[in-house]
Amino acid sequence: MHEVSHDAKPEMKILVVEDDRSVSNLITTTLRINHYAYITASTGKEAVTLCASHRPDLILLDLGLPDIDGIEVIRTIRTWSSAVIIIISARGEDSDKILALDSGADDYLTKPFSIEELLARIRAAQRRMQYIAGQPQESPVFTNGSLSIDFASHRVEVNGKEIHLTAIEYKLLTLLAQNAGKVLTHSYIIDHIWGGGVETDIVSLRVYMTSLRKKCRAASPGFDQIETHIGIGYQLLRENTGDGSLL
Ligand code: CA
């Protein structure tokens, strides 16, 4: 375990799970240069053991491991850990990403990946962690950049202007907000908004999302917090507020 330097960066423990030595070295060198504390595992079983003993805040997980599959690792860890899990895998098929996200991963990167992108995902995870930690138990207002949602009154503002949403649009936005920084798959969203077994398809979901975005952009033309992951789902990107604080 490398200790965090006295840098301003809040303490965060990262578990790197990767059996390919060169990729593992690339990741750990990047983490070290950027003053992140980390531990490494090269098998799935080792990952589960280290996760239990070291309680990492963030896990960078390869899916193709020599013993148990990364998907199994996610499912096992998710029974007791709320660590942020970012997949770093060569499996680039939508179905692989969806399976990983639906199993409990938070985000994914496809190999080969850029170092800058990896660092950006880690920072996003860090903001999400800080936000959750700093959130009072019953904080009724969610703020993210120009977006604010008052859960008590169902009032949504973008750029200080109130926007009027339909019940479904409001539910979609709050689901994304409650999972800010996470990629939510189409099936996850449909299950949570309409419940299982309802005949709502991805095409309808896209229509609701388009309408939701249009309303946000009417209040703030540059609004781009809702990211589409084509073939996979949607993600509300975490943004800092203007003064650099998270709320
Ligand atoms: Ca591998």
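The values are calculated or read from the model by the stated rules, or taken from the named source; none is laboratory data. The model shown is predicted, which means the values in this text are computed figures rather than measured ones. Positions of Cβ are generated from backbone atoms using ideal geometry, with glycine treated the same way; all protein chains shown enter the neighbour counts.
Here Leu63 clears all of (1) modelled with pLDDT under 95; (2) within 14 Å of the ligand (Cβ to nearest atom); (3) under 22 Å from Arg123 (Cα atoms) except the condition numbered (1).
In the set (1) touching a Gly at 6+ places or on another chain (Cβ under 6 Å); (2) away from the ligand (no atom under 13 Å from the Cβ); (3) more than 20 Å from Asp107 (Cβ to Cβ), the condition left unmet by Leu50 is number (1). When Glu93, Glu72 are checked against the criterion of being within 27 Å of Leu184 (Cα to Cα), of a type in the set (D, E, K, R), at pLDDT 95 or above and surrounded by fewer than 21 Cβ atoms within 10 Å (Cβ to Cβ), a single residue qualifies: Glu72. From the list Arg127, Arg55, Arg75, Arg32, the one residue that fits, being within 22 Å of Leu176 (Cβ to Cβ) and more than 15 Å from the ligand (Cβ to nearest atom), is Arg127. Would a scan of segment 14-22 turn up a residue that is within 13 Å of the ligand (Cβ to nearest atom) and either modelled with pLDDT under 95 or among the small types (Gly, Ala, Ser) (or both)? Within segment 14-22 (the criterion being within 13 Å of the ligand (Cβ to nearest atom) and either modelled with pLDDT under 95 or among the small types (Gly, Ala, Ser) (or both)), the answer is yes, since at least one residue qualifies.
For segment 5-12, the count of residues that are aliphatic (A, V, I, L, M), surrounded by 22 or more Cβ atoms within 10 Å (Cβ to Cβ), under 24 Å from Gln130 (Cα atoms) and under 17 Å from the mean Cα position of the chain (by Cα) is zero.
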